Amino acid sequence: MAPSPTDRETFLRAAAAVAAEDEERAGVATYLALEPAPAAAPARDRAGALLAARVRAAWEVLTAADPDVGVQDVLAALGDLDLRRDPAPVPDRVPARLAAWRPPGTPVAPRAERDAATAAVHDAFVGGRLLRVVNHHDTPASRADAFRADLAWYAERFAPVTAADVHAFLDTGRWPDASRPGVVPAFYDGFASAVHVALPALEEVGLVGWFYPPTDFLDVPAGRQREFARAHGYGVLDEPEGPLAMTWDELAALSARHEVCGHTATHAAAAGVRGAAAVEAEVTGPLRRLTEVIGRVPAAWAWLGGTDHDPAHPADRAVVAAGVRLWTSNTVLRRVG
C-alpha cells in the first residue's frame, strides 16, 4: 500500500527535523534491527510487522525526496516520531539533504545495496527483532534537568537492557522482561558529563547505559582535552571548568552496573584503519586497555559513522579476535564471532 499524503508529510517533516538537528546536542532516538535471527524467533510479531510496514512506506517517501538516504535515516525519523519526549523541532527551511552525515572516505552505497539493507531491517522487524536506542554525546550540566526528564520518560515506558539481555534474546527469541520493550541509552565519546550528569540520572530511573569512550581521550591531560576534541570531531556543547573527558577510574566504577563498549582510540572511522600498525593503535590496543580497566571484554564495538561489520576488513576481524560479541552500527546490533 502506498503511503497516504498525511504519512508522506509526517515522514518528511520528521526526517527534515532530524537532519537539521545538532546530533551532538540531542538524544537521537532510533530503532536497530537485531541479528542474527534466533532459532526460536517467532515467524511474525504483530507490533514489529506494523513498524516494518512503516519502514517500507518511509523508505519510499524519503528516497523520493533525497536519493542518497539510507535506512538509518528512516529509522531515525521513525524514532523521532515514536520514542522521544520532545521530538526534534521542524526547521523553517527544509535541509538540502536528508541523508545522515558520513565520515570522509565513506561513499554512498549503491541504491541496490541500500534497498537490500532496508529489506533486511524490514524482515527483522517483522520477526520482532528490534531494539530502541537513544544516542547521546555530550550531556552538559546546563541541560541536566531536561536530560533527567528525558530518561524518566524512557524509564516509564521501556525496560533496561544489558548485553546479557541481548544475548538471551538472540539465543531464545525472548526478552528477560517480557512485560515491556527495552531501550538502550548510549553515550559516545567519553565525556566527563556522561559521568557527572548522565550516570546519576540513569541510576535514579533504573536504566542501563552503554558507554563508548575513545580511549586516547581519557589519557589526554585536562588542559589539552578541548584541543583533542576539536581535532577529532567531537561535539562540545559547553566549555566547563575542569576536565572534559571522564577518567579511567570513573569508567571502571560505572562498568559495575553499565555496559562499556569499544569506540577506537581517537574517534576513528573504519575507512581510515587499514595497516597492522593502525589496527593495533585503534582497535587491539584500545580493547586490551578497556578489558584491563573494567575486568571483562567490552560488550560491543562501534566505529565513527556506525559502519556495519565487514568480515573482510582487517580491523573488523581484530575486533572479533579480541572477543567482542556485539557490533553496533547505524541500523543493526549484530552478534559476531
> In degrees between 0 and 90, to the nearest 10, how far off the longest principal axis of the chain does helix 285-294 point, with axes built from Cα atoms?
Replying inline: 80 degrees
> Tell me, how many Å apart are the Cα centres for the stretch 310-337 and for the stretch 177-234?
Replying inline: 21 Å
> Anyone know which of A299, A256, A270 comes out most mobile in the 10 Å Cα GNM of the chain?
Replying inline: A256
>> To test your reading of the geometry: what angle, between 0 and 90 degrees and rounded to tens, separates the Cα axis of helix 46-65 from the longest principal axis of the chain?
In response: 90 degrees
>> Using each residue's phi in the stretch 180-196, evaluate 6.51 cos²θ - 1.76 cosθ + 1.60 at θ = phi - 60° and report the 3J(HN,Hα) Karplus result to the nearest Hz, with x for Gly and Pro.
In response: 7, x, x, 9, 10, x, 10, 10, 9, 5, x, 5, 4, 4, 5, 7, 7
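Normalising by the residue count of the chain, find the relative contact order in percent from Cα pairs under 8 Å and 6+ residues apart. Walk me through the intermediate numbers first.
Working: 606 pairs, mean separation 63.0, N = 337.
Worked out over the chain, it gives 19 percent.
For R226 and A2, what does the FRET efficiency come to when R0 = 56 Å and r is the distance between their Cβ atoms, rounded to the nearest 0.05? Could the numbers behind the result be given before it?
Details: r = 50 Å, r/R0 = 0.89.
Using R0 = 56 Å, I get an efficiency of 0.65.
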> How many nm is it between the label spots at D177 and A312, if each spot is 7 Å from the Cα in line with the beta carbon?
Replying inline: 4.2 nm
> Using modelled amide H (1.01 Å from N, peptide plane; none on Pro or chain starts), what sits under 5 Å from the amide H of L130, excluding residues fewer than 5 places away?
Replying inline: L34
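Are there chymotrypsin sites (Phe, Trp or Tyr not before Pro) in the stretch 1-63 that DSSP puts in a loop and that have at most 11 other Cβ atoms within 10 Å, and which ones? Write down the numbers at each step before the final one.
Values: sites: F11, Y31, W59; in loops: none.
When the chymotrypsin sites (Phe, Trp or Tyr not before Pro) of the stretch 1-63 are filtered for loop state and at most 11 Cβ neighbours within 10 Å, nothing remains.
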> Relative to the longest principal Cα axis of the chain, at what angle does helix 163-172 sit, 0 to 90 degrees, rounded to 10?
Replying inline: 40 degrees
> For D7, D189, D310, what ranking results if the residue with the fewest other Cβ atoms within 10 Å of its Cβ goes first?
Replying inline: D310, D7, D189
>> I'd like the Karplus ³J(HN,Hα) series for the stretch 5-17: coefficients 6.51, -1.76, 1.60, θ = phi - 60°, whole numbers in Hz, and an x wherever there's a Gly or Pro.
In response: x, 5, 4, 4, 5, 4, 5, 5, 5, 5, 5, 5, 5
> Among W303, W210, W248, whose mean-square fluctuation peaks in a Gaussian network model of the chain (Cα, cutoff 10 Å)?
Replying inline: W248
> If you stretched the chain out fully between E203 and E156, how much longer would it get, using 0.36 nm times the residue separation minus the C-alpha to C-alpha distance?
Replying inline: 15.5 nm
> Given H placed 1.01 Å from N in the peptide plane, which residues other than close sequence neighbours of Y188 have an amide H under 5 Å from its amide H?
Replying inline: H136, H137, Y212
> Measuring from a point 7 Å past the Cα of R111 along Cα-to-C-beta, which residues in the stretch 48-70 have an amide N at less than 15 Å?
Replying inline: 59-70
>> Skipping prolines and chain starts, which residues have an amide H placed within reach, meaning under 5 Å, of the one on W301, given they are 5 or more residues away or on another chain?
In response: G262, L326, W327, T328
> GNM, the chain, Cα, under 10 Å: largest mean-square fluctuation among L254, L75, L326?
Replying inline: L254
> What net charge is computed for the residues neighbouring I294, neighbours being all others with C-beta under 14 Å from the C-beta of I294, Lys and Arg scored +1, Asp and Glu -1?
Replying inline: 0
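Since every read-out is calculated from the coordinates, none of them should be taken as a lab result. All values reported here derive from a predicted model rather than from experimental measurement. Every residue, glycine as well, gets a Cβ built from its backbone with ideal geometry; the counts of neighbours run over all protein chains shown.
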